[in-house]
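A short write-up of the structure that comes next.
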Amino acid sequence: SARFEQDGKLVVRNVGGTPVAGLIVFDNHAGIRRYAVAGTVKDEVTVGFGSLHDNWAGLLMDLERVLISQGLYEKEARAMIETWRDSWFEEGTRLFYIVPRQAVDSILPLDIQPAPSDVARVFVGRMEIIRPAIQQDLRQAVAANDRPALEKYGRFLDAIAKRAGIRSPVIDSLNAAYINKTKANCGR
């Protein structure tokens, strides 16, 4: 779980019993991408947004290092980052972390016969963080009926509105349009 303190720091708590490796806090606001590597979280870690680095190449290298440390080969790690790049690094604030192997194996059991000598299963978890400033921006955009300001939240608009306790016909309309566009793209 994650929550913001009144001083603006982000507190990330591991509510499971297994340490969570590779925690990275990522923020992209107006094209400025910043991040911090928080490492392995056993219980709880606090990250101040003032400590985030504005270093795109460093982020990619650090994420690659995390993936390699979990068992991927360098080319596999780069391919994974490239595959998810557009989604992972879009506008917003989020946490990336390595889903513990025990959880992966329990949710998606894998049985290969004959058994290979080694299997690396590296799943990257992603948690969207809805900052208080985003909730305030949403309130202002709804009050001004500013559709372009609301459209930038895309598929997250409905979730942000629910978290902020905002109901609005314009949000309902944009969300319905997004769902219809997604259905059309999926051939439905």
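General remarks:
- The relative contact order of the chain comes to 17 percent, based on Cα pairs under 8 Å that sit 6 or more residues apart.
- Principal-axis analysis of the Cα atoms of the chain puts helix 56-69 at an angle of about 40° to the longest axis.
- Going from the residue with the fewest nearby Cβ atoms within 10 Å to the one with the most, Ile81, Ile160 rank Ile81, Ile160.
- If the segment from Leu108 to Val15 were pulled out straight at 0.36 nm per residue, it would be longer than the present Cα-Cα gap by 31.4 nm.
- Paramagnetic reach from Cys186 (point 7 Å along Cα→Cβ, amide N under 13 Å) across the range 146-164: none
- Around Asn14: net Lys/Arg minus Asp/Glu count, Cβ-Cβ under 11 Å: 0
- Whichever aspartates and glutamates have a C-alpha closer than 16 Å to that of Lys75, once near sequence neighbours (fewer than 8 apart) are set aside: Asp62, Glu64
- The angle between the Cα long axis of helix 132-143 and the main principal axis of the chain comes to about 30°, on a 0 to 90 degree scale.
- Here the mean projected area of the convex hull built on the C-alpha positions of the chain is 13.4 nm².
- Alpha carbon Rg of the range 132-185, scaled by the compact-globule rule 2.2 N^0.38 Å: 1.06
- Selection of trypsin sites (Lys or Arg not before Pro), the range 16-118, meeting DSSP coil and at most 11 other Cβ within 10 Å: Lys42
- With the convex hull of its Cα atoms as the shape, the range 1-101 has an orientation-averaged projected area of 6.5 nm².
- For the range 79-126, the list of GluC sites (Glu not before Pro) that fall in a loop by DSSP and count at most 15 other C-beta atoms within 10 angstrom reads Glu90, Glu91.
Computed from the coordinates by the stated procedures, all read-outs in this text should not be read as laboratory data. Computed from a predicted model, the values in this text were never measured in an experiment. Backbone-built Cβ (ideal geometry, glycine too); neighbour counts: all protein chains shown.
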